[in-house]
Amino acid sequence: AAKSDSDSGYRLYDANLKDPRAERRALEGALRSAHENRELELFYQPILDIATNRMWGCEALVRWKHPTKGMILPLQFITAAEESGLIGPIGDWILEEACRTAMTWPLPLAVAVNLSPVQFRSRDVFASVRQALDASGLPARRLILEITESVRLTEEATATLRRLKALGVSIALDDFGTGYASMSYLSSFPFDKIKIDQSFVRAMMDSPDSRAIIKATISLANDLKMSTTAEGVETEEQLAALRQAGASQAQGYLIAKPMPRDAIAAFIAEAQNAQQGMRDDQAPAR
Ligand code: C2E
Ligand code: MG
Ligand code: MG
Ligand code: MG
């Protein structure tokens, strides 16, 4: 039977290949040359500070600009990158590229970078992050690292996260509420931020249960001195409800879709102008 689209990477290179392992090798080979040929590119999605209505930061999201297949999304190749070990060098490149790009922005906004569990197992993540900060000159406080429950919080991983926090980097728990052990996970490390998964946001206007889960998550985060970002915000109604519920930040197509490096610089410059305008309007006449 044909595999579904959600079977990710396998679909990309299955055209003439019957053996799944051969397919996977073909994908890995293509990914290796993609990295070498600089076909990977970071897009950036704005994150809004709900209380002030100003830009808070951006999340870096990797894309593969394939010369013949067009743009390939991360869910189709991250697993192959992880299984082949390529996520090591690719992940290091993503960290440094995101930090360098954030240094070029007209406002000193935060940049969030996703980390794979494999980077924790096979890589000195601390060294990679410090290298990215040193090479780019980005102040550590502007960097947020996003991890999911798929990162096993062993003693070693927790120690690494603590060292990163000591550097000034923030740690966010991504896709909160979708894993098997969200509560125990939350208790095993002092995260700075919880990202509320988009599945709850998508359901919130129709489902009182989803609204209740969002409210409880925000209240829990507040008690634990963590901030909250709601993901997948697509409508004004959702944003208003999230503001009412006390979420700190919003991210989603309502604010903007992920965009390339040049477009995000223009987007931030425009936000800067708008914010400058606001400040001038509010300044007392002299
Ligand atoms: P994530 O970290 O939870 O990223 C949010 C995903 O939601 C992104 O998908 C983004 O494009 C999408 N999104 C944002 N706003 C909306 C919205 O309003 N509606 C809908 N329907 N979707 C929205 P994307 O870029 O395809 O990335 C998917 C996942 O791939 C990410 O989920 C993250 O887990 C992983 N990923 C992306 N970039 C990287 C990376 O550089 N390194 C690693 N290790 N993983 C990455
Ligand atoms: Mg993320
Ligand atoms: Mg997420
Ligand atoms: Mg996700």
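The values are calculated or read from the model by the stated rules, or taken from the named source; none is laboratory data. Since the structure is predicted, the reported quantities are computational estimates derived from the model, not experimental observations. Because the Cβ atoms are built from the backbone with ideal geometry, glycine has one as well, and the counts that use them run over all protein chains shown. Surface accessibility is based on the protein's heavy atoms, side chains included, excluding ligands, DNA and RNA. Shrake-Rupley method; radii C 1.70, N 1.55, O 1.52, S 1.80 Å.
With a point put 7 Å past each Cα toward its Cβ, work out how far ASP19 is from ALA166 in nm, to one decimal.
Once both label points are built, they end up 4.9 nm from each other.
Give me, ordered by chain and number, the residues 5 or more places off GLU234 or on other chains with an amide H under 5 Å from its own placed amide H.
LEU254
Between ASN222 and ARG152, what is 0.36 nm times their sequence separation minus the Cα-Cα distance? Round to one decimal in nm.
22.8 nm
Cα axis of helix 155-167 to longest principal axis of the chain: angle in degrees, 0 to 90, nearest 10?
Tilt relative to the chain: about 50 degrees.
Hey, got the Cα dimensions of the chain along the principal axes, in Å, largest first?
71, 42, 37
Output ³J(HN,Hα) for the range 64-71: one whole-Hz value per residue in order, computed from phi by the Karplus curve 6.51 cos²θ - 1.76 cosθ + 1.60 with θ = phi - 60°, and x for Gly and Pro.
Karplus values, whole Hz, x for Gly and Pro: 10, 8, 6, x, 10, 8, x, 7.
Across the range 254-266, in residue order, what do the Karplus-derived ³J(HN,Hα) couplings come to in whole Hz, using 6.51 cos²θ - 1.76 cosθ + 1.60 with θ = phi - 60° and x for Gly and Pro?
Whole-Hz 3J(HN,Hα) from phi for the range 254-266: 4, 7, 4, 7, x, 9, x, 3, 5, 5, 5, 4, 5.
Percent relative contact order of the range 108-234, based on C-alpha pairs within less than 8 angstrom and at least six residues apart?
With pairs under 8 Å counted, the relative contact order is 20 percent.
Could you sort MET183, MET103, MET259, MET204 by accessible area so the largest value comes first, with the probe set to 1.4 Å?
Largest to smallest exposure gives the sequence MET183, MET103, MET259, MET204.
Give a residue-ordered list of calculated ³J(HN,Hα) values for the range 219-234 (Karplus: 6.51 cos²θ - 1.76 cosθ + 1.60, θ = phi - 60°; whole Hz; x for Gly, Pro).
5, 4, 4, 4, 5, 8, 6, 10, 8, 10, 10, 8, 9, x, 6, 10
Straight-line reach from LYS69: which aspartates and glutamates have a Cα under 19 Å away, not including same-chain ones fewer than 8 places off?
ASP5, ASP7, ASP14, GLU23, GLU28, GLU36, GLU39, GLU41
In terms of modelled amide H atoms, which long-range or inter-chain residues lie less than 5 Å from the amide H of THR228?
Residues meeting the amide H criterion: ILE194, SER248, GLN249.
Rounding to the nearest 20 debye, state how big the charge dipole of the range 94-153 is about its Cα centre with +1 on each Lys and Arg Cβ and -1 on each Asp and Glu Cβ.
Computed charge dipole of the range 94-153: roughly 100 debye.
State the percentage of accessible surface on the chain attributable to carbon and sulfur atoms; use a 1.4 Å probe and exclude ligands, DNA and RNA.
Taking all protein chains in place, the chain shows 50 percent carbon and sulfur surface.
Whose amide H sits under 5 Å from the amide H of LEU61, counting only residues 5 or more places off or on another chain, with H placed in the peptide plane?
PHE43, TYR44, GLN45
Work out the length of the dipole vector of the range 46-174 about its Cα centre, built from +1 on the beta-carbon of each Lys and Arg and -1 on the beta-carbon of each Asp and Glu, and round it to the nearest 20 debye.
Once rounded to the nearest 20, the dipole reads 260 debye.
Relative to the longest principal Cα axis of the chain, at what angle does helix 236-245 sit, 0 to 90 degrees, rounded to 10?
70 degrees
How far, in degrees from 0 to 90, does helix 87-103 lean away from the longest principal axis of the Cα atoms of the chain, to the nearest 10?
Helix 87-103 sits roughly 30 degrees off the main axis of the chain.
Going by a ≥ b ≥ c, the root eigenvalues of the Cα gyration tensor, does the range 40-168 fall in the rounded group (a/c under 1.5), the prolate group (a/b larger than b/c) or the oblate group?
Verdict is oblate for the range 40-168.
Please list ARG54, ARG141, ARG261 in order of solvent-accessible area, largest first, computed with a 1.4 Å probe with all protein chains present.
These residues rank, largest area first, as ARG141, ARG261, ARG54.
Kindly flag which residue pairs out of LYS195/LYS215; LYS165/LYS193; LYS165/LYS225; LYS165/LYS257; LYS65/LYS195 have an alpha-carbon separation exceeding 20 Å in this structure.
The pairs that break the limit, which is 20 Å between Cα atoms, are LYS165/LYS257; LYS65/LYS195.
Please list SER150, SER136 in order of solvent-accessible area, largest first, computed with a 1.4 Å probe with all protein chains present.
Listed by decreasing accessible area, they come as SER150, SER136.
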